[in-house]
Amino acid sequence: ASAAMYQAKAQGRRSYLFFSGQTDASSSQRLLLENDLHRAIERGEFVLHYQPRYELASGMLCACEALLRWQHPTRGSISPVEFVPLAEESGLVVPIGEWVLREACQQLQRWHAKGLDVCPISVNISARQFRSLELLSMIRSVLDETGVDPRLLEVEITETTLMHNTEETLSILGQLHALGIKISVDDFGTGYSSLAYLKRFPVDLLKIDRSFVHDLVTDADDAIIVSAIIGLARSLQLRVVAEGVETPEQVDFLKRRGCDEVQGFLFSKPLPAAQIESLFNLRY
Ligand code: C2E
Ligand code: MG
Ligand code: MG
Ligand code: MG
């Protein structure tokens, strides 16, 4: 039923665009892409890559982030930066997000079956997904179905998402937490600047947005912001991860400031599952 609904919505938008006489290349491109997105799950065009996260103190691999990749039959690999917003607008992000969680959990089970000592996986949850009424029941049923230990699962939610419907948000986060799932605030520093939610919500981890990490060494403001976020996280007893770490100089800075974990191209790009498994229990 939901697939039909998404289809109808897409159709509606198409006719609107037709009647409004909008024919520019970018909007018709978007429609073509959205149309293809409807079939991407059933056609098996999605794949997850995993990017390692390392603990600075020990150098150990401590988690990996599941990042969605779309292998389009004619356009090749399309970036999530391009298609996630489309999926978000059309509502397709709900079934796609379910696919992502199931695939990540099945991957954990495949690794278990091979006798591997796995690391936790973090999964990105979009704003629309977070607002969907079925999020909790969806997560519960995927965990049941796959038998994955919820402690091996982390969800990444952006600050902006956390600012909405605070009562409901508190309830959802509380229930996720009660299951044993960890909660990360993704792209930290780029959303609303109210920090009240950090006190109120059961958050475990802050991921410093890579836009602040990028010029850390040369831009005094970025250095101050990153230091402040690390200080804030430590005071609130949250773990803190720096995203987009690309240079040894950034690592030195982050180590000196007491950042807990790092993720970025310096350590590894997002990798297919087959390559991640050789990194379990290793240092960078
Ligand atoms: P994000 O969750 O903040 O993910 C981190 C992004 O930074 C990834 O881009 C990753 O490849 C990139 N990155 C990691 N290290 C470095 C680095 O050292 N330098 C640079 N320049 N980039 C680095 P990616 O995979 O293209 O994903 C982009 C965004 O798309 C994600 O940002 C997330 O918001 C969204 N996304 C990806 N997969 C999913 C998904 O399964 N569900 C949802 N809802 N969103 C997703
Ligand atoms: Mg993320
Ligand atoms: Mg991020
Ligand atoms: Mg992002």
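The values are calculated or read from the model by the stated rules, or taken from the named source; none is laboratory data. From a predicted model like this one, the values you see are computed outputs, not experimental measurements. When we count neighbours, we look across all protein chains shown, and the Cβ atoms used for this are built from the backbone with ideal geometry, even at glycine.
Per-structure values
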| read-out | value |
| --- | --- |
| Residue 248 being away from ligand 3 (no atom under 16 Å from the Cβ), in contact with a Leu (Cβ under 8 Å, 6 or more places away or on another chain), touching a residue at least 24 places away in the same chain (Cβ under 8 Å) and not aromatic (Phe, Trp, Tyr) | no |
| Residue match in segment 150-161 (condition: modelled with pLDDT under 95 and either among the charged types (D, E, K, R) or away from ligand 2 (no atom under 16 Å from the Cβ) (or both)) | yes |
| Test for residue 34: is it more than 23 Å from residue 157 (Cα to Cα), crowded, with 18+ Cβ neighbours inside 10 Å and touching a residue at least 12 places away in the same chain (Cβ under 8 Å) | yes |
| Residue in segment 87-99 that is of a type outside the set (D, E, K, R), over 17 Å from the mean Cα position of the chain (by Cα) and over 30 Å from residue 168 (Cβ atoms) present | no |
| Near pairs, Cβ below 9 angstrom, 6+ apart or cross-chain, from segment 199-224 (under 11 Å from residue 245 (Cα atoms) and at pLDDT 95 or above) to any residue that is surrounded by 15 or more Cβ atoms within 10 Å (Cβ to Cβ) and among the polar types (S, T, N, Q) | 209/190; 210/263; 211/190; 212/190; 213/250; 214/250; 216/247; 216/250 |
| Residue in segment 124-140 that is touching a Gly at 6+ places or on another chain (Cβ under 6 Å), within 16 Å of ligand 3 (Cβ to nearest atom) and not small (Gly, Ala, Ser) present | yes |
| Some residue of segment 217-238 being under 20 Å from the mean Cα position of the chain (by Cα) and under 30 Å from residue 114 (Cβ atoms) | no |
| Candidate set from segment 200-228 (those that are touching a strand residue (DSSP E or B) at 6+ places or on another chain (Cβ under 9 Å) and within 14 Å of ligand 4 (Cβ to nearest atom)); member that is nearest to residue 250 (Cα to Cα) | 213 |
| Those helices (runs of 4 or more DSSP H) lying entirely in segment 63-173 with at least 1 residues of a type in the set (Gly, Ala, Ser) and within 16 Å of ligand 4 (Cβ to nearest atom) | 80-90, 93-113, 127-131 |
| Test for residue 188: is it touching a residue at least 12 places away in the same chain (Cβ under 8 Å), within 16 Å of ligand 3 (Cβ to nearest atom) and among the aromatic types (Phe, Trp, Tyr) | yes |
| Residue within segment 98-116 that is near ligand 1 (Cβ under 10 Å from one of its atoms) and at pLDDT below 95 present | no |
| Residues being within 16 Å of ligand 1 (Cβ to nearest atom) and either surrounded by fewer than 21 Cβ atoms within 10 Å (Cβ to Cβ) or outside any strand (DSSP E or B) (or both) - total across segment 188-202 | 3 |
| Output for segment 236-284, where each listed residue is closer than 28 Å to residue 197 by Cβ and out of contact with any strand residue (DSSP E or B) (no Cβ under 6 Å at 6 or more places or on another chain) | 236, 237, 244, 250, 253, 257, 258, 264 |
| Segment 180-199, subset of a type in the set (A, V, I, L, M, F, W, C) and over 19 Å from the mean Cα position of the chain (by Cα), residue farthest from ligand 4 (Cβ to nearest atom) | 196 |
